[in-house]
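Colleague: Dropping a structure here in structure tokens format, bear with me for questions.
The values are calculated or read from the model by the stated rules, or taken from the named source; none is laboratory data. These numbers were taken from a predicted model, which means no experiment stands behind them. Because the Cβ atoms are built from the backbone with ideal geometry, glycine has one as well, and the counts that use them run over all protein chains shown. Protein only, heavy atoms only, side chains kept; ligands, DNA and RNA dropped before computing areas. Shrake-Rupley method; radii C 1.70, N 1.55, O 1.52, S 1.80 Å.
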Amino acid sequence: EQYAFVKEFMEKKGYAQYEVSNFSRKGFESKHNLNYWRGGEYIGLGVAAHSYIDGKRGWNISKLPDYIKRLKNGQSPQEESKNLSALEQFMDALLFGLRMNEGVDVEKLEKRFNVQLDEARKSVLHQMLEHRLIVKDGSLLRVTDQGRLVLDEISVRLV
């Protein structure tokens, strides 16, 4: 009920929802957020910041004193990093893309990452389509308003 209230309230004030948790006036969508949800690269600067470059995800140390100490000692503040497999990159892009109102083009993702959606995940998507939590237009998938209410569950089932 609260989600529906906020959505209606924002739309009445001239703000359009472009992602599950973001609204803006037309043309003022967050470029950072859109890049993130579309699977683009980004550099995170600061305590606990995350980066994603060339299929590698990294994150900085989360405690400010340790972060400062590393910088003073000429060390990288990065705590850890992980090279993502093509499937992991594909799944990130799929799940993040489902957050956006524009949806996600599965065929484009399959070509981009050279990964095919497996039968188990196709079955999950088919169930979501049957329950009208997701709609499909060609290879484009979008979460419905009802699906947004359970988007975390949809994501868990796809993983």
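Colleague: Could you compute how much accessible surface GLU102 exposes when probed at 1.4 Å, giving the result in Å² to the nearest 10?
Modeller: Here the accessible area works out near 90 Å².
Colleague: Can you give the FRET efficiency for LYS136 and ALA16, using 1/(1 + (r/R0)^6), R0 = 25 Å, r = Cβ-Cβ distance, to the nearest 0.05?
Modeller: FRET efficiency, LYS136 to ALA16: 0.65.
Colleague: Would you kindly derive the ³J(HN,Hα) couplings of the range 128-134 from the backbone phi angles with the Karplus curve 6.51 cos²θ - 1.76 cosθ + 1.60 (θ = phi - 60°), listing them in order in whole Hz, with x for Gly and Pro?
Modeller: 5, 5, 4, 8, 6, 8, 9
Colleague: Taking a probe of 1.4 Å, how large is the accessible area per residue of the range 19-159, in Å²?
Modeller: 63 Å²
Colleague: In terms of modelled amide H atoms, which long-range or inter-chain residues lie less than 5 Å from the amide H of GLU19?
Modeller: ASN101
Colleague: Using a 1.4 Å probe over the heavy atoms of the protein chains, calculate the carbon and sulfur portion of the accessible area of the range 65-159 as a whole percent.
Modeller: Heavy-atom surface of the range 65-159 belonging to carbon and sulfur, 1.4 Å probe: 47 percent.
Colleague: Tell me whether the chain comes out rounded, prolate or oblate; compute the Cα gyration tensor, take square roots of the eigenvalues as a ≥ b ≥ c, and use a/c under 1.5 as the rounded threshold.
Modeller: In terms of gyration-tensor shape, oblate.
Colleague: Under the Karplus relation 6.51 cos²θ - 1.76 cosθ + 1.60, θ = phi - 60°, what is the ordered set of whole-Hz ³J(HN,Hα) values for the range 78-93, x standing for Gly and Pro?
Modeller: Once θ is set to phi - 60°, the couplings for the range 78-93 become 5, 7, 7, 8, 8, 7, 8, 5, 4, 5, 5, 5, 4, 5, 4, 5 Hz.
Colleague: Something else now. Would you kindly derive the ³J(HN,Hα) couplings of the range 55-71 from the backbone phi angles with the Karplus curve 6.51 cos²θ - 1.76 cosθ + 1.60 (θ = phi - 60°), listing them in order in whole Hz, with x for Gly and Pro?
Modeller: Here the 3J(HN,Hα) series is x, 10, 9, x, 9, 7, 4, 9, 9, 4, x, 5, 4, 4, 4, 4, 5 Hz.
Colleague: Only Lys, Arg, Asp and Glu count, each charged at its Cβ (+1, +1, -1, -1), so figure out the dipole size of the range 1-151 about its Cα centre, rounded to 20 debye.
Modeller: I would put it at about 500 debye.
Colleague: What trypsin sites (Lys or Arg not before Pro) in the range 1-96 are in a loop by DSSP, with at most 14 other Cβ atoms within 10 Å of the Cβ?
Modeller: Taking the range 1-96 and a limit of 14 other Cβ atoms within 10 Å, the loop trypsin sites (Lys or Arg not before Pro) found are LYS13, ARG25, LYS26, ARG38, LYS63.
Colleague: Accessible area of ILE43, 1.4 Å probe, to the nearest 10 Å²?
Modeller: 120 Å²
Colleague: Using only Cα atoms, tell me the angle between helix 2-12 and the longest principal axis of the chain; keep it within 0 to 90° and round to the nearest 10.
Modeller: Orientation of helix 2-12: about 80 degrees from the principal axis.
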